[in-house]
1. Might you let me know whether the stretch 24-32 holds any residue that is part of a helix (DSSP H, G or I) and surrounded by 10 or more Cβ atoms within 10 Å (Cβ to Cβ)?
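The values are calculated or read from the model by the stated rules, or taken from the named source; none is laboratory data. All values reported here derive from a predicted model rather than from experimental measurement. A quick note on method: Cβ atoms are made from the backbone with ideal geometry, for glycine too, and the neighbour counts reach across all protein chains shown.
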Amino acid sequence: MTLTEWGLLALAAVNLALLLTLLLRKPAAADNSAIDRLERAQRESSRADRQELGTSFINFQRTLVQQSAEATRTQNTQIDALAQQLALLQRSVSD
């Protein structure tokens, strides 16, 4: 083997040793606390989003119920008016 090949082999061994060191190393405590803070913030954000979405759905449901009730009242009024018109028409035809 030439000197270049030995040098490349030595560099590969050093590279492998450094990679193993990085893989086997435990994460620092600061990393763990940062991860914990991020997880807590994510949970709080998700909880707030769920509450906001729930409130939006409740408001949407109330609006639909109100509109349905208004449509029902309008239809009942129209049906009553039609019934009165038919009664008048029936009286005028029978006279």
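1. Yes, that holds for at least one residue.
Every residue, every condition in (1) at pLDDT below 95; (2) loosely packed, with under 10 Cβ neighbours inside 10 Å; (3) over 14 Å from the mean Cα position of the chain (by Cα), yes or no:
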residue	(1), (2), (3)
Gln42	no, no, no
Ser46	no, no, no
Gln51	no, no, no
Ser56	no, no, no
Phe60	no, no, yes
Ser68	no, no, yes
Asn76	no, no, yes
Val93	yes, yes, yes
